[in-house]
Amino acid sequence: MTAVESASAPVSPVPGEPGAESVTPATTLPSRPARRRAPQPRPLTMIRAGDVLSMVGALLGALATTGVLWQEISPFSGILGFVVVTWLLFVFYYAILMSFDEDRPTVRDRLCAVVVQSLGALVAIALIYIIGYTFYRAWPALHHLNFYTQDQRKGGPTHPLTQGGALHAVVGTLIELGISMGIAVPLGLLAAVFMNEVPGPYARFVRTVVDAMTAMPDVLAGLFIYATLIISLGLGYCGLAAGVALAVTAMPIVCRAADVVLRLVPGGLTEASYALGAGQWRTVRYVTLPTARSGLATAVILGAARAVGETAPVLLTAGETDFINFNPKHGPMMSLPLMAYSSVLQEAQHVEIARGFGAAALLLVLVLLLFATARRIGGRGAGQLTPAQRRRRAAASRHDLARFQRRLQAAEAAWAAQAGQPERQGRYGSER
Amino acid sequence: MVSDDSSGNGASAFEHLLDSTTEADNQNRVNGPGPGPRKRSLKTKLTLSDLIFRVIARAGGSVVLILMIMVGTFLGYRAAQALRVAGWSFFTTQQWNPDGGAFGIEALIVGTFLIATVAIVVGVPLSLATALYISEYAPQRVKRVLISMIDLMAAVPSVIFGLWGFFLLQWKLTTLARWLSSWFYWIPLFQVNGVQRNNPLTSPDTYTSSSFAAGLVVALMITPIISSVMREAFSQAPAGEREGAFALGATRWGMIRAVVLPFGKGAMIGGTMLGLGRALGETLAVTLIISPVYALQLHILQHGTSSISALIALNYQETSQFGISALFAAGLALFVVTLLVNFIAAQIVARSRSGAQSEA
């Protein structure tokens, strides 16, 4: 501002002063340095040298004290305890150091930041630890090729890891996943569409029940299918029963996730569709569902990821076998979580434990794949398109335009014929 | 061929359309039944395709509803036989021997709630810290990665958590359990029976397969669920109030205490209830870790505990009809409890999330 005033003050006289008209005002724009970056939110953290020093000092002090405790004074042992005690001492020392030159709210702020960040890091470490441990224990089984190409008929506790594999469990998992998704996805999506498109007390009731069922213990879904299909209908342990049990588990999840996605479809789009004269079915088919497509795909894949990892329903309904079984309607069918669970129960057998971890690792890979796909598809909100989708949308729009023009031409021709006039040249769309 | 020409024709065509509508309107007005302006009916007449769509959608919703209700009714139907025999003693017996005539869920329900309580006590601070870190502390670039990491954690199969807890965590925990039980033995919860205090020769087996170990694993399983509910609420805290708190000189933690936490209170309670529902029903991880004891066992560090879902997973191959019925009775109890917890949780979360019901 000061630059502007100082630049313009000598040349532009104050209005109302005598002789104001005689001077031609010349506006001088001050030259500003070009802004290099878009404005960024101001960083709220300020790191000073003293902060870093006190943190390092507290950490060193805590390590030293714990070292003395562990080595000299008490008979403690174990890494876990060492880390916990070090952390507690670190927080304590840090608080003392901070209180030397900060007021109490600042000390409290720093301490809470330390606690929040360490607990968050703990969760992240636990997740990485769990995944890493599974692969670490699975490695003896995973690095043999036969683990992927054979079933367990040559395996068993007495055979080395170079024989037998998890192929039967992989096949079983995929078949059961296919059955469960074949049931859960259409029904779940239909119910979600119903809850959004036909609102009313009944739809609200359905939504309440589905919400409550989302967190139903998975073992109860297994128990339900065990009661109906296996005991009452006498189906026996088979892949079909397991697939249906998984469907019962996954359906509320798919339905609820799809419901949330459909609710996010902008109301302006559907209203525009109604305003153009489309009926409800056409609106759902051509506006609502395409808009929510990526979100719906994510909902379905997350449901699949959840279903594929469920063990309890499969445990109650699928039965266990060492043989590969392609027929879901007859005979027990193994699946990856079930294999992990049952192999590991034979505690003394290291070979079987390795196989169990191998199955768990394969299951984890499957879940990770599904999850990565869901992220890839579902990163976008409703209505945001990829370049390929945008091109397809544009092509469809051009096609529609051509269709409208053809129709208009035909109508014109019919009108002209009805009026008994010869068709004139240069009608609509003829410049095409 | 000239564009001018075609536009002129277009105008004339529209005029023609306009004329025809006004003519129709005039005719209506002349031949109308009433003297005054008629009230337009606001009822929409559904076309055939819309009618079919509505019927199919309603049927789909109904099928899902019926399926969900059937789960409850079938459990009740199958459980009726056992419940009729056991009567009220079903809730007060501490044994599980259906064929011998004595079975009840007192110990089981207590064990289930003990494990869930450990899980909540450990899991809620973890989730709260994770949610706060993601919504308040993490830099923008890290945020997205962390959110998908938490989502991934929710998708990790329970059997993998179970294996980790069974082979690794519960053995690492024995030192901690021993320390707790030798220093805090005066708290009944931390007592361990049959162990001399401070005896270094106690086998670590005494401290494995406990409610504590199972509860810790379940805590890690429910953390992503609770923290994503909380994070969603925290990130919706109004920016104006945040800025206001900063402008008044609040530190970051002061802002969180004054703005973010009060705003997310409902979601914190609801998310905790959701986690509780999940923890009560968790099956595989618990089954792998605990070793079943059907008597009341309140010492969370001691070997052996029980939970309803583990009971079902371990005993479903009962041969007797009556034993199966008793299992269904236990399942029904679990169903009712989790349904109640989840229902309350859903109500609280829905009320805390403003605008969830709004259209457009």
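The values are calculated or read from the model by the stated rules, or taken from the named source; none is laboratory data. Just so you know, these numbers come straight off a predicted model, no measurement behind them. FYI the Cβ positions are ideal-geometry reconstructions off the backbone, even for glycines, and counts take in every protein chain you see. For the accessible areas, the whole protein counts, side chains as well, though only heavy atoms, and no ligand, DNA or RNA atoms are used. Shrake-Rupley method; radii C 1.70, N 1.55, O 1.52, S 1.80 Å.
Considering only region A:284-353, give the helices (runs of 4 or more DSSP H) lying wholly within it that have at least 1 residues that are in the same structural domain as residue A:260 (by TED's automatic domain parsing) and open to solvent by 20 Å² or more (accessible area, probe 1.4 Å).
Values: elements: A:293-309, A:312-317, A:336-345.
Output list reads A:293-309, A:336-345.
For region B:163-182, check the following and say yes or no: at least one residue is open to solvent by 30 Å² or more (accessible area, probe 1.4 Å), more than 14 Å from every other protein chain (Cβ to nearest Cβ) and either out of contact with any Lys or Arg (no Cβ under 9 Å at 6 or more places or on another chain) or not in a helix (DSSP H, G or I) (or both).
no
If we keep just the residues of region B:46-101 that are of a type in the set (Val, Ile, Thr) and assigned to a loop (DSSP other than H, G, I, E, B), which is most open to solvent (accessible area, probe 1.4 Å)?
B:92
For residue A:127, state whether it is in a helix (DSSP H, G or I), touching a Pro at 6+ places or on another chain (Cβ under 9 Å) and crowded, with 16+ Cβ neighbours inside 10 Å.
Against the criterion (in a helix (DSSP H, G or I), touching a Pro at 6+ places or on another chain (Cβ under 9 Å) and crowded, with 16+ Cβ neighbours inside 10 Å), residue A:127 qualifies.
Can you spot a residue in region B:144-151 that is open to solvent by less than 30 Å² (accessible area, probe 1.4 Å), among the β-branched types (Val, Ile, Thr) and within 9 Å of another protein chain (Cβ to nearest Cβ)?
yes
Quick one: which of B:121, B:156 is of a type in the set (A, V, I, L, M) and either touching an Asp or Glu at 6+ places or on another chain (Cβ under 6 Å) or within 8 Å of chain A (Cβ to nearest Cβ) (or both)?
B:156
One line per residue, one yes/no per condition, for (1) over 30 Å from the mean Cα position of the chain (by Cα); (2) more than 8 Å from chain A (Cβ to nearest Cβ):
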site	(1), (2)
B:46	yes, no
B:49	yes, no
B:65	no, no
B:74	no, no
B:84	yes, yes
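Looking at A:53, A:80 in this structure, which one is within 14 Å of chain B (Cβ to nearest Cβ), free of Cβ contacts under 8 Å to residues at least 60 places away in the same chain and part of a helix (DSSP H, G or I)?
On the way: A:53 fails: within 14 Å of chain B (Cβ to nearest Cβ).
Matching residue, one of A:53, A:80: A:80.
Hey, which of the helices (runs of 4 or more DSSP H) in region A:152-242, taking only ones fully inside, have at least 2 residues that are open to solvent by 30 Å² or more (accessible area, probe 1.4 Å) and away from every other protein chain (no Cβ under 14 Å)?
Fully inside region A:152-242 and qualifying: A:167-197.
Considering every residue within region A:355-371, establish whether at least one is within 11 Å of chain B (Cβ to nearest Cβ), outside any helix (DSSP H, G or I) and open to solvent by less than 30 Å² (accessible area, probe 1.4 Å).
No: region A:355-371 contains no residue that is within 11 Å of chain B (Cβ to nearest Cβ), outside any helix (DSSP H, G or I) and open to solvent by less than 30 Å² (accessible area, probe 1.4 Å).
Taking the options A:95, A:9, name whichever one is modelled with pLDDT of 85 or more, out of contact with any strand residue (DSSP E or B) (no Cβ under 7 Å at 6 or more places or on another chain) and small (Gly, Ala, Ser). Don't jump to the end; show me each part of the working.
Values: A:9 fails: modelled with pLDDT of 85 or more.
From the options A:95, A:9, the qualifying one is A:95.
Name the pairs whose Cβ atoms lie under 6 Å apart, with the first residue in region B:322-343 and buried (at least 24 other Cβ atoms within 10 Å of the Cβ), the second part of a helix (DSSP H, G or I) and β-branched (Val, Ile, Thr), and 6 or more positions between them or separate chains?
So the pair list comes out as B:327/B:312; B:330/B:308; B:331/B:312; B:334/B:308.
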